Amino acid sequence: MLHTIWDKISTTDRPIVKIIFRNENTRVVAFGLQKGMKLTDHQVPVYTKIIMMKGEIELESKIETVLLKEFDEYIIDPKVIHQVIANEDAMMLLILNFK
């Protein structure tokens, strides 16, 4: 599935979002963003760990601005409003913990 996401990034005009694992406590979501794509202000309801697989993004919030590159990890606290900008074609995994 991850190869498919990466292969489609250069030909899409929308973020690619695929749930790759889900149970009652955890959700793992793969995101693919083409260079220049922006996810405008949004928030997550639970602690969420981002693991960068490829590329580079900039995550901006009122708390801080963070540059994330391949294999970087970052935790977003619940309900922190943030936006994401893809500085390069990028793929990441988000791990959401609902417990």
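The values are calculated or read from the model by the stated rules, or taken from the named source; none is laboratory data. This structure is a prediction, so every number in the text was calculated from the model and none was measured. Glycine also receives a Cβ, built like all others from the backbone with ideal geometry; neighbour counts cover every protein chain displayed. Only protein heavy atoms, including side chains, enter the accessible area calculation; ligands, DNA and RNA are left aside. Shrake-Rupley method; radii C 1.70, N 1.55, O 1.52, S 1.80 Å.
Looking at the structure I just gave you, is Phe31 in contact (Cβ under 8 Å) with a residue 40 or more places away in the chain, surrounded by 14 or more Cβ atoms within 10 Å (Cβ to Cβ) and not polar (S, T, N, Q)? When the stated conditions are applied, Phe31 passes them. Under the condition of being open to solvent by 100 Å² or more (accessible area, probe 1.4 Å) and either within 13 Å of Leu93 (Cβ to Cβ) or among the aromatic types (Phe, Trp, Tyr) (or both), the residues counted in the range 1-21 number 1.
Picking from residues in the range 44-69 that are of a type outside the set (A, V, I, L, M, F, W, C) and over 12 Å from the mean Cα position of the chain (by Cα), the one that is farthest from His3 (Cα to Cα) is Lys62.
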